[in-house]
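Contents: one structure, followed by commentary.
A short reminder: the numbers here are calculations on the coordinates, not readings from a lab. These figures come from a predicted structure and were not determined experimentally. Every residue, glycine as well, gets a Cβ built from its backbone with ideal geometry; the counts of neighbours run over all protein chains shown.
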Amino acid sequence: MASNTTPDLSRGRTVAIVGATGAVGEVLLRVLEERAFPVGELRALASERSAGTTVRFRGRELPVEVAKPAAFDGADLVFFAATGALSKELAPEVAKRGGIAIDKSNTWRMDPQVPLVIPEVNGAAVEKHQGIIANPNCTTTPFVMALGALRGVAKLKSAVVTTLQSVTGAGLPGLEELDRQLHAVAAGQPVPAPKQFAAQIVNNVVPLCETFTDNGYSTEEMKLLFETRKILDDPGFNVAMTCVRVPVPVGHSASVLLETAPALTPEAARAALAAFPGVRVMDDPKHNVFPTPADGAGSDDILVGRIRRDLTSDRLWLWTVGDNLRKGAATNAVQIAEELMRRGLR
């Protein structure tokens, strides 16, 4: 529960990052600096493979140490930006030591005892934490940010979503695979066999993110359905989805066909989206204004455009774009920590 006293937002917290050398870990370091987060001590942690390297924070080189339980002694906040296996093993150790783990992986998202939080949408959920808070999937976050804006003016009934997801959704290995294939094409050489994706990603799109489940949907698609329902606290909200990997370095986009009650006009939707924190409307068809991944890269805003009434129904079309490494992962995690501090919980 929240403290009755005014929280001290300036007190330096002891912060650890597990996975500090990865794609999201690097952005986490940058976001903590940009937002002037009150870090008193920073511990950069990773697997044994990365131990002994360094990361840069506030102009200093910090040594990377092995992530193990003893590294969490005295830590206020621990950001997990590593594998799910590491989160499963170590996040409970953070909680045991009185810290709060904020986890990016899929490990804890659907655990009924663990809040799944986008602060602008369901920030009060952090009150229910028991030492672990989950960060949504980088595909779910921009989608739910748009839904969060619109549910203030209409009841959400259903959505049909097709995502176009960048290669960094698979971390640095995904980006490295795209780079290898790009260099091969530029050199007129055969494209190396794919390792991170189910098919060649350069000059291609791949209608599979992660792996298929027995029902024919991918694990990524199932996350989009179940995480959306949990964050919105709406188990009856229906999402039909297809998730596609595209050869874009950073930025997840989505085409969304949304049904609401009452039906929303494009004008009402634009106004609600523009008024919602963290959402920026880019929608001027007369001047070819719409968001692209290049527009969203490096931004913490979720960009929304192509807002229009469906020609065959009362449903509404939207196009959303979000930087999957920032608001889709690192920035949202830091905002969760800020929400905890505002509520006197850390």
If you put +1 on each Lys and Arg Cβ and -1 on each Asp and Glu Cβ, how big is the dipole of the chain around its Cα centre, in Debye rounded to 20? 300 debye
Could you go through region 305-321 in sequence order and give the Karplus-derived ³J(HN,Hα) for each residue, using 6.51 cos²θ - 1.76 cosθ + 1.60 with θ = phi - 60°, rounded to whole Hz, and x for Gly and Pro? x, 6, 7, 7, 6, 5, 6, 10, 7, 8, 6, 10, 9, 9, 10, 10, 9
For Met241, enumerate residues with amide H under 5 Å from its amide H, sequence gap 5+ or separate chain, H modeled in the peptide plane. Val161
Full extension between Val160 and Glu41 adds, at 0.36 nm per residue less the Cα distance, a length in nm of 38.4 nm
Please give the contour-minus-distance gain from Glu176 to Ala275: 0.36 nm per residue of separation, less the Cα-Cα distance, rounded to one decimal in nm. 31.8 nm
If every Lys and Arg gets +1 and every Asp and Glu gets -1 at its Cβ, then about the Cα centre region 236-319 yields a dipole, in debye to the nearest 20, of 160 debye
Could you sort the peptides 103-115, 23-35 by per-residue average Cβ neighbour count (10 Å cutoff), highest mean leading? 23-35, 103-115
Just one of (1) 1.21; (2) 0.99; (3) 1.28 is Cα Rg over 2.2 N^0.38 Å calculated from these coordinates, so which is it? (2)
Over the chain: helical MRE at 222 nm, DSSP H runs n ≥ 4 each giving -39500 (n - 2.57), nearest 500: -8000 deg cm²/dmol
Hey, what do the phi angles of region 114-131 turn into as Karplus ³J(HN,Hα) couplings, whole Hz, using 6.51/-1.76/1.60 and θ = phi - 60°, x for Gly and Pro? 10, x, 10, 10, 10, x, 5, 9, 9, x, 5, 4, 4, 4, 8, 5, 10, x
Check: region 63-195 dipole with +1 on Lys, Arg Cβ and -1 on Asp, Glu Cβ, in debye: 500 debye
Rounded, prolate or oblate (a/c below 1.5 giving rounded, otherwise prolate when a/b exceeds b/c) for region 149-285 by Cα gyration tensor: prolate
Counted charge near Ser218, where neighbours are those whose Cβ lies closer than 11 Å (Asp, Glu -1; Lys, Arg +1): -1
